[in-house]
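Just so it is clear, none of the values below were taken in a lab; they were calculated from the coordinates. Owing to the predicted nature of the structure, the values given are computational and were not obtained by experimental measurement. Neighbour counts are summed over all protein chains in view; Cβ atoms, including those assigned to glycine, are modelled from backbone coordinates with ideal geometry.
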């Protein structure tokens, strides 16, 4: 059997919505989301999405593994916008403020030592994406030229004295209270 995922079940108006937290984002069962929005999301509807907004997964639903078409959070909002009915405004609010919030909170409490993304701001409005892992900030190698260009122009904390990039990142994090 292929890898299967265990879902979290939410209910709205006595209708189920199986959800999944995968790769730091919420995913929703397309069929059930369609029922909640009074629209059947078939392959024609799904083709309106970008390839990263949908996927088929083996999902454990009702005690059985089933191949299930899932749409990401951004895919769900796209489908709701394309097939607008007034109730979709309430459905979007429920997805955002209840479903996704519960899924996200459940993951952050369970995995404190999991890598997570952050952002470091430099003087002059430049930013760099950081990866926090094993209690340390890590900078992507492709962001280093931008950071070093600021040093040459005298816009970075590294201009006063020569520091390693790790020291510089830690200093910038302390400056921003991270």
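Of the residues making up region 77-106, those that are in contact (Cβ under 8 Å) with a residue 24 or more places away in the chain and closer than 18 Å to residue 31 by Cβ are 78, 79, 80, 82, 83, 85, 87, 88, 91, 94, 95, 99. Return only the number of the condition from (1) more than 14 Å from residue 78 (Cβ to Cβ); (2) in contact with a strand residue (DSSP E or B) (Cβ under 9 Å, 6 or more places away or on another chain) that residue 54 does not satisfy. So residue 54 meets the others, but not (1).
Of everything in region 21-32, what is out of contact with any helix residue (DSSP H, G or I) (no Cβ under 6 Å at 6 or more places or on another chain) and under 15 Å from residue 80 (Cα atoms)? Give them in sequence order. 27, 29, 30, 31, 32, listed by residue number. Looking only at residues in region 42-73 that are touching a residue at least 24 places away in the same chain (Cβ under 8 Å) and part of a helix (DSSP H, G or I), the one that is surrounded by the fewest Cβ atoms within 10 Å (Cβ to Cβ) is 46.
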